[in-house]
Amino acid sequence: MSVEERTFIAVKPDAVQRGLVSKVIERFETRGYKLVGIKIIQASKELLAKHYEEHVGKSFYPKMESFMSSGPIVAMCWEGKDVVKQGRSMLGATNPCASAPGTIRGDFGIDLGRNVCHGSDSVESAKREIGLWFKDEELVNWTSNQAKWLYE
Ligand code: GDP
Ligand code: MG
């Protein structure tokens with residue numbers, strides 16, 4: 001398993017408005033993952049349609065598109081061993097009411113359409129999403145001094 005695996009995590013407009021950006025960052029940072037990209041962005045409908053290509057045309061899409069483009073999103077790229085799968089489990093279930101306490105959605109959300117954060121669902125999706133939200137030069141390759149204390 002590569003320690004250079006990357007995932008795309010986004011703090012959605014509801015959570016930015018509610019002042020939860022630091023909480024989401026803290027979960028990933030204290031777990032030991034490495035932040036390699038971060039920016040605040042108000043997403044266009046074009047970007048959202050690419051990001052959520054599997055959902056375009058579904059009944060909930062127009063509402064979701066309008067919510068996701070209604071305010072700033074904090075887009076992040078996190079790196080570390082198994083980060084895609086671990087990131088999804090740290091986020092919790094899609095519906096916050098079905099998310100266990102201790103997960104981000106289970107601790108900070110209630111409604112499906114206001115579920116605080118996004119996380120890539122596979123290594124392949126992560127590559128695609130990171131490419132959509134970040135230019136290469138916006139991602140920083142750096143060595144963390146913690147690595148030897150995190151990894152055997
Ligand atoms: P995720 O990968 O866990 O974020 O879940 P999905 O890829 O299935 O859905 C993408 C996002 O669309 C979810 O995070 C929800 O915020 C939203 N969503 C999914 N299903 C519904 C729905 O039935 N109604 C509404 N309003 N939003 C939904
Ligand atoms: Mg999804």
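The values are calculated or read from the model by the stated rules, or taken from the named source; none is laboratory data. Note that the coordinates shown come from a computational prediction; the quantities given were computed from them, not determined experimentally. Backbone-built Cβ (ideal geometry, glycine too); neighbour counts: all protein chains shown. We work out accessible area using only protein heavy atoms, side chains counted, and drop any ligands, DNA or RNA first. Shrake-Rupley method; radii C 1.70, N 1.55, O 1.52, S 1.80 Å.
Within region 78-94, the residues that satisfy the criterion of being of a type outside the set (V, I, T), near ligand 1 (Cβ under 8 Å from one of its atoms) and in contact with a helix residue (DSSP H, G or I) (Cβ under 8 Å, 6 or more places away or on another chain) are L91, A93.
Scan region 103-128 for residues that are closer than 14 Å to V24 by Cβ and either within 14 Å of ligand 2 (Cβ to nearest atom) or surrounded by fewer than 16 Cβ atoms within 10 Å (Cβ to Cβ) (or both) and the total you get is 6. K39 meets the conditions (1) open to solvent by 40 Å² or more (accessible area, probe 1.4 Å); (2) in a helix (DSSP H, G or I); (3) away from ligand 2 (no atom under 16 Å from the Cβ) in every case but one. The failed one is (2). Each residue in region 33-62 was checked for being of a type in the set (F, W, Y) and away from ligand 1 (no atom under 16 Å from the Cβ), and 1 of them qualify. Across region 134-151, the number of residues qualifying as surrounded by 10 or more Cβ atoms within 10 Å (Cβ to Cβ) and either touching a Cys at 6+ places or on another chain (Cβ under 8 Å) or among the hydroxyl-bearing types (S, T, Y) (or both) comes to 4. May I ask you to list the residues in region 95-141 that are more than 15 Å from ligand 1 (Cβ to nearest atom) and either of a type in the set (V, I, T) or under 18 Å from K63 (Cβ atoms) (or both)? Correct list: I130, V140.
Here I110 fulfils each of the conditions (1) of a type in the set (A, V, I, L, M, F, W, C); (2) in contact (Cβ under 8 Å) with a residue 24 or more places away in the chain; (3) under 17 Å from Q17 (Cβ atoms) apart from (2). Residue by residue through region 63-74, note down the ones that are surrounded by 17 or more Cβ atoms within 10 Å (Cβ to Cβ) and away from ligand 1 (no atom under 13 Å from the Cβ). If the condition is that a residue be surrounded by 17 or more Cβ atoms within 10 Å (Cβ to Cβ) and away from ligand 1 (no atom under 13 Å from the Cβ), then V74 is the only one that fits.
Tell me, yes or no, whether region 116-123 has at least one residue that is farther than 12 Å from T7 by Cβ and not small (G, A, S). Yes: region 116-123 contains one or more residues that are farther than 12 Å from T7 by Cβ and not small (G, A, S).
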